[in-house]
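The values are calculated or read from the model by the stated rules, or taken from the named source; none is laboratory data. Note that the coordinates shown come from a computational prediction; the quantities given were computed from them, not determined experimentally. Backbone-built Cβ (ideal geometry, glycine too); neighbour counts: all protein chains shown.
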């Protein structure tokens, strides 16, 4: 789930509620996308989630007929669990919050060159929202820092 969050910029509840019925195959790109309904997205707009070719979603296929992320056959309702806390400790990143993964995605997205507006749409940010206010992001070396 953390890998999905850092590669898509989805919020915790968007990830936890992610359903297979929202997946749309895009054969021209050799991948699929998810279209999350507006009632599951913070700003109320439908959200397009583009998956990279090495998506963690593929490893989840067949585990549930409804939700993408499950544990023992039941949908996972939150990411801040004891498993998340143990993983943070093993990675020596005890201060990293689940929401920081979204900011890490947003921080990395503009680097290769997409326009700022495109980056904000991919991050699920309302176009007129304040950019990166008070956020933290993981750097490439694994440490965290304040966003500019």
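So in the stretch 18-32, with the set limited to residues that are at pLDDT 90 or above and surrounded by fewer than 19 Cβ atoms within 10 Å (Cβ to Cβ), which one is nearest to residue 100 (Cα to Cα)? Looking at the filtered set, the residue picked out is 19.
The set of residues in the stretch 68-91 being assigned to a strand (DSSP E or B) and touching a helix residue (DSSP H, G or I) at 6+ places or on another chain (Cβ under 9 Å) consists of 70, 71, 75. In the condition set (1) within 16 Å of the chain's Cα centre (by Cα); (2) surrounded by fewer than 17 Cβ atoms within 10 Å (Cβ to Cβ), residue 56 is compliant with all but (2). Looking at 15, 35, which one is under 22 Å from residue 107 (Cβ atoms) and either surrounded by 16 or more Cβ atoms within 10 Å (Cβ to Cβ) or at pLDDT 90 or above (or both)? Of 15, 35, the one residue that is under 22 Å from residue 107 (Cβ atoms) and either surrounded by 16 or more Cβ atoms within 10 Å (Cβ to Cβ) or at pLDDT 90 or above (or both) is 15.
Of the residues 109, 48, which single one is closer than 16 Å to residue 4 by Cβ and at pLDDT 90 or above?
Working: 109 fails: at pLDDT 90 or above.
One residue alone meets the criteria, 48.
Set side by side, the residues 90, 40, 60 differ, and just one is at pLDDT 85 or above and under 16 Å from residue 12 (Cα atoms), which is 40.
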